[in-house]
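Participant: Mind having a look at this structure? Questions to follow.
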Amino acid sequence: MESNILSKSAMSWNTHSIISRIATLNSIDDKEKLTVTPIDTLIKVSGEALSQAAHRFRSQLYRELGLPLNLGNDCQQIITPLDFLRCFRLNPITKFRYVRVMEVEETLPDMIHDPSRDGPPGHSYIDTQLETHISPDAVFLTYSDEPDWGMDQELFSIPAYSMGSPPFGPATGSSSQAPFHMAFFHEKRITYWIMPSLGKRLLIIRSRMCFNLAEIAFNCNQSYWGWRFLGWAAHYLQDVTCPYHCCPFPPKKEKMLKRFLMNPFPKQFVKNNMNFLRNRHALFEATVSYVMNEHFKKQLAHPFIEALKANSKELPADIDLAAREISKLPYLLAPKINNLMVQLFSWPLIDKADYYLGDDPDFAVNGILEQAIEARASYYGEFVELVSQCLHEAGRITRFVIESSRGFI
Ligand SMILES: [Zn+2]
């Protein structure tokens with residue numbers, strides 16, 4: 001049987017599964033065992049419910065995109081996994097992989113991190129066979145990483161989907177998932193007036209879809225899929241607590257303006273500055289993922305871990321309002337966090353137009369981070385303090401996902 005795990009050269013960070021693990025520590029009943037079930041079974045037993053949910057999802061999606069609803073005849077029924085992908089506007093080449101995230105005891109303390117994102121990372125996931133048993137929390141943790149394995153990529157370049165051009169970000173490549181993984185709630189009115197597409201919140205529509213799918217799955221006794229879809233919902237909502245996912249331009253506005261004045265041709269400017277932003281985003285995620293991983297695995301205390309576990313007040317029941325609330329602080333802290341990180345690393349390569357660290361097979365944050373901390377400890381201290389405040393929001397929204405689904409689990 002073909003392995004579900006990707007080779008060492010094509011792995012993604014597993015930040016979401018660590019966030020979910022720490023945020024829900026001991027709060028999901030792990031005595032119950034679920035059967036690993038293929039998606040075909042869910043499709044077979046759910047009757048009309050899936051196609052109705054897909055119709056609802058597409059209505060909301062096209063309304064948000066400002067496009068006429070593309071009903072066509074292509075989604076009258078969901079009979080195969082490919083129908084499922086097409087009707088929920090997911091990448092049709094997606095493979096549903098049956099894996100589980102490794103337990104802390106199963107991983108090596110010096111497990112490396114690799115920045116590409118094409119599937120479950122081989123260093124931290126292992127195959128699960130169909131019909132074997134797995135606990136609900138293992139499913140939830142594992143699949144809170146899944147939306148980063150490619151299912152939201154390239155959607156705007158599929159002619160049959162008729163989704164127009166992406167509201168932001170490129171139409172192809174790994175960054176083409178941006179409109180479903182980023183949402184900007186807190187810009188000034190004038191920013192939305194100049195760039196209305198920045199206000200498009202496909203992420204919320206995708207999260208609603210996941211809750212809906214989870215409810216359908218639990219209702220027809222497909223708890224494995226119920227927990228897997230809740231993992232997806234957690235992913236999207238955790239994303240908006242990352243400063244680079246809720247703030248379109250974390251580097252200081254003056255700095256961007258200076259760069260624009262040096263090169264005032266919009267197309268060329270975007271081309272030259274795309275990596276400027278992507279490198280900062282990728283370096284941030286690599287750092288946070290690495291620090292969390294290291295400390296959790298070695299069972300060492302760290303403010304990131306404490307922040308994820310900390311008690312917090314309840315969120316509004318509505319997903320849109322909850323996402324708005326948890327992204328506020330990360331949005332406000334974004335410029336400061338970005339600045340501290342750039343000063344901490346003082347690494348000129350991230351400013352280069354033709355370098356993207358996500359494509360650099362030799363990039364590893366371990367090593368350069370330790371050197372940076374030794375040379376510039378005060379920046380690190382403040383960076384940790386502010387990022388912890390964002391992770392506190394990530395923990396809050398993860399528990400919100402579990403709490404809001406209590407009614408149908
Ligand atoms: Zn994401």
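The values are calculated or read from the model by the stated rules, or taken from the named source; none is laboratory data. It should be emphasised that the depicted structure is a prediction, and the values quoted were computed from it without experimental measurement. When we count neighbours, we look across all protein chains shown, and the Cβ atoms used for this are built from the backbone with ideal geometry, even at glycine.
Participant: Could you grab the pairs with beta carbons closer than 9 Å, sequence gap of 6+ or different chains, first residue in the stretch 147-159 and touching a residue at least 40 places away in the same chain (Cβ under 8 Å) and over 10 Å from T94 (Cβ atoms), second one within 11 Å of the ligand (Cβ to nearest atom) and β-branched (V, I, T)?
Facilitator: Short answer, once both residue conditions are applied: D148/T15.
Participant: Please find, within the stretch 223-271, the residue that is surrounded by the fewest Cβ atoms within 10 Å (Cβ to Cβ) out of those that are of a type in the set (S, T, N, Q) and modelled with pLDDT under 95.
Facilitator: So, considering only residues that are of a type in the set (S, T, N, Q) and modelled with pLDDT under 95, the one surrounded by the fewest Cβ atoms within 10 Å (Cβ to Cβ) is Q268.
Participant: If a residue counts only when it is more than 16 Å from the ligand (Cβ to nearest atom) and closer than 23 Å to I19 by Cβ, which helices (runs of 4 or more DSSP H) contained entirely in the stretch 130-249 have at least 2 such residues?
Facilitator: Result: 136-143, 202-219, 223-239.
Participant: Can you tell me how many residues within the stretch 36-51 are surrounded by 17 or more Cβ atoms within 10 Å (Cβ to Cβ), of a type in the set (G, A, S) and assigned to a loop (DSSP other than H, G, I, E, B)?
Facilitator: 1
Participant: Which one is nearest to T241 (Cα to Cα) among residues in the stretch 364-383 that are surrounded by 19 or more Cβ atoms within 10 Å (Cβ to Cβ) and under 26 Å from the mean Cα position of the chain (by Cα)?
Facilitator: Filtering first and then ranking leaves F383.
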